[in-house]
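Below is one structure; the comments refer to it alone.
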Amino acid sequence: MIALPMIIGGQKVYKEEKIDVIYPYTLEKIGEAPKGSPEDVEKAIEKAKTGLKKLKELSSYEKYKILMKIAQLLEERKGEFAKTVVYEVGKTIREARTEVERCINTIIFSAEEAKRIEGEYVYVDASPNGKGKKGFYFREPAGIVSAITPFNFPLNLTAHKIAPSIAAGCPFILKPSERTPLSPIMLCELFLEAGVPEEAVSVIPGYADVGQAMTTHPDVRVVSFTGSLKVGEIIAKQAGLKKIVMELGSNSAVVVDRDANLELAAKKSVLGGFALAGQVCISVQRVLVHEDVADQFQELLKKEVSKLKFGDPMDEDTDVGPVIAVDEVNRIQSWIKEAVEKGAKIEAGGVPSSESKALFLPTVVVDVPEESKLFYEEAFAPVVTVKRFRDIDEALNLVNRSNYGLQVGVFTNNIKNAWKFIQDAEVGGVVINDIPTFRADNMPYGGVKGSGIGREGPKFAIEDYTEIKMVIFDINA
């Protein structure tokens with residue numbers, strides 16, 4: 001069993017009250033972490049004030065070297081980290097290894113960005129009252145960062161918040177998901193080992209009271225949150241005068257045009273729909289297919305789904321592991337039942353596996369009505385829905401008739417149709433001839449509408465973690 005401490009200002013803290021970590025596949029306890037409190041947050045913030053001063057004393061090169069050291073330490077221990085991610089999340093060992101590799105890259109990207117937080121010369125004499133004056137601005141650390149991360153990518157999504165924070169010169173307080181606190185704590189231990197000032201590093205596992213204390217405290221300047229729309233709205237109302245960055249999920253669509261490569265679209269849709277048992281913000285959830293090719297595409301999709309191996313996440317051949325908890329299985333079943341009652345048809349799966357209580361069979365549901373939860377809510381499940389459209393305008397309208405707007409994938413060989421989505425899709429990212437599940441860790445990642453505010457990706461996160469300071473010289477004074 002893995003038992004880890006929380007970290008407050010770089011110091012290990014143990015408590016009697018624990019949070020149990022359960023392996024979703026067997027439902028066995030595999031670890032524990034201390035249960036944090038608002039009082040712990042207060043202590044961490046006081047430490048972070050000193051951490052902010054110490055980080056400001058570091059040069060850009062020193063921050064770069066520290067972050068590169070973290071990446072090196074993680075590279076040396078990536079096998080241990082991958083296994084921990086499997087046991088916490090239930091994702092397959094291959095998926096866990098990929099997450100560790102991505103985490104290393106995210107930290108390296110952050111290290112590189114630490115050396116190029118740049119300002120700009122401003123021609124203030126372009127203004128009538130600017131004659132004789134010279135101006136420029138630079139960026140400085142915004143202040144203390146409160147970071148809250150979800151269960152599905154406990155390592156890489158943590159890195160996306162705390163590595164740019166250090167690159168920008170900001171101390172952080174991290175609340176990982178109560179389901180997956182272990183790998184984030186382990187990662188923060190590497191931050192300390194690599195030389196990040198102790199007071200700049202705090203990790204407090206806990207529940208809503210910890211999150212509320214972190215996001216409402218007046219000394220916190222930046223809140224970076226990844227999670228549900230419901231919680232994001234609560235934070236936005238309560239946070240006060242702060243910089244807020246939020247990634248709040250989606251019900252991402254794939255559009256398959258009449259001239260698309262159907263085999264490629266089917267393979268990619270299965271890859272994007274069932275990776276991590278569909279528990280990804282940009283999972284393929286809604287596949288919209290032109291009616292002329294819908295029958296052929298559905299057969300190809302079912303064929304690809306039939307190839308998937310589901311079961312033990314530690315088995316090297318497993319493609320789909322369990323969902324995070326048994327109560328999620330019950331929710332998924334109820335959503336499918338609702339869709340079927342409204343006219344949808346199950347083409348594959350649709351039921352839990354007898355192998356594990358948290359294992360749900362890869363599912364394809366067709367002819368899903370727009371008014372069903374499987375279509376308009378975020379399923380976060382190993383379920384792909386298929387709906388037909390008559391023309392590209394109808395497909396675009398179906399994509400946009402959503403409270404979310406993270407990314408969309410469009411399979412087409414028609415440049416006009418591709419460009420129509422690029423111009424008019426109400427999303428943060430348009431991926432042509434690939435799935436919306438694509439993400440490179442250095443790109444600006446985020447959405448519009450209910451999918452969030454701001455962008456992740458080290459360069460873009462640093463913009464939110466810094467403030468512009470303008471300087472003006474009167475050269476005639």
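For Asp315, indicate whether it is out of contact with any Lys or Arg (no Cβ under 6 Å at 6 or more places or on another chain), modelled with pLDDT of 95 or more and either not in a loop (DSSP other than H, G, I, E, B) or not polar (S, T, N, Q) (or both).
So Asp315 passes the test.
Name the residue, out of Glu378, Glu304, that is in contact (Cβ under 8 Å) with a residue 60 or more places away in the chain and open to solvent by 20 Å² or more (accessible area, probe 1.4 Å).
Glu378
So Gly132 fits all but one of (1) open to solvent by 10 Å² or more (accessible area, probe 1.4 Å); (2) more than 30 Å from Ile472 (Cβ to Cβ); (3) not charged (D, E, K, R); what number is the exception?
Evaluating Gly132 over (1) open to solvent by 10 Å² or more (accessible area, probe 1.4 Å); (2) more than 30 Å from Ile472 (Cβ to Cβ); (3) not charged (D, E, K, R) leaves (2) as the failure.
Rundown of residues vs (1) outside any helix (DSSP H, G or I); (2) open to solvent by 50 Å² or more (accessible area, probe 1.4 Å); (3) closer than 23 Å to Phe360 by Cβ, yes/no style:
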residue: Tyr87; (1), (2), (3): no, yes, yes
residue: Lys91; (1), (2), (3): yes, no, yes
residue: Ser110; (1), (2), (3): no, no, no
residue: Glu113; (1), (2), (3): no, no, no
residue: Glu118; (1), (2), (3): yes, yes, no
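Out of all the residues in segment 14-45, which are open to solvent by 10 Å² or more (accessible area, probe 1.4 Å), over 30 Å from Ile93 (Cα atoms) and in contact (Cβ under 8 Å) with a residue 24 or more places away in the chain?
Ser37, Pro38, Glu42, Lys43
So in segment 117-135, with the set limited to residues that are basic (Lys, Arg) and touching a residue at least 12 places away in the same chain (Cβ under 8 Å), which one is farthest from Ala167 (Cα to Cα)?
Here the residue is Lys133.
The values are calculated or read from the model by the stated rules, or taken from the named source; none is laboratory data. Model, not experiment: these values are computed from the prediction. When we count neighbours, we look across all protein chains shown, and the Cβ atoms used for this are built from the backbone with ideal geometry, even at glycine. Accessible surface areas use protein heavy atoms only, side chains included; no ligands, DNA or RNA. Shrake-Rupley method; radii C 1.70, N 1.55, O 1.52, S 1.80 Å.
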